[in-house]
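Structure first, commentary second.
Quick note: the coordinates plus some simple rules give every number you see, no bench work behind them. Here the structure is a predicted model, which means the values were calculated and not measured. Positions of Cβ are generated from backbone atoms using ideal geometry, with glycine treated the same way; all protein chains shown enter the neighbour counts.
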Amino acid sequence: MPEVVHVADLQQARTAKESLRRTLAGRADVRGIGIAPASDGYGLQVNVDSDGAGVPRRVDGVDVRVRVVGAVHAQA
């Protein structure tokens, strides 16, 4: 069965991002939460340093993509 993608307008994505930010607050593996363009609107992207287990795949009707970016280090 093909994956169904739920796209949202920018305001829906902004509202969902704040909800997701509260949900993931304090998680050491989360490196960033942002709004990402989708084919016909917007979705959310969560950057993590490991597998992203426990990150919801949809928040308030907005799809969430998990991207493993590894550990983030400051550069001089």
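Worth a mention:
- With helices as the sole contributors, the chain gives -6500 deg cm²/dmol at 222 nm; each DSSP H run of n ≥ 4 counts as -39500 (n - 2.57), and the sum is divided by every residue.
- Total formal charge among the other residues, if their Cβ is under 15 angstrom from that of Arg22, Lys/Arg +1 and Asp/Glu -1: +2
- Computed over the Cα atoms of the chain, the ratio of the radius of gyration to the Kirkwood radius (Rg/Rh) comes to 1.00.
- Full extension of the segment from Val69 to Ala28, taken as 0.36 nm per residue of separation minus the current Cα-Cα distance, would add 13.4 nm.
- Summed side-chain charge close to Leu10 - residues other than Leu10 whose Cβ falls under 15 Å, Lys, Arg +1, Asp, Glu -1: -3
- Karplus-derived 3J(HN,Hα), 6.51/-1.76/1.60, for each residue of segment 36-50, Hz, glycine and proline x: 10, x, 10, 4, 10, x, 9, x, 10, 10, 10, 8, 10, 9, 9
- Model label points for Ser39 and Asp60, set 7 angstrom from Cα along the Cα-to-Cβ axis, are 2.4 nm apart.
- 5 angstrom amide H check on Val68, placed H, neighbours 5+ away: Val48
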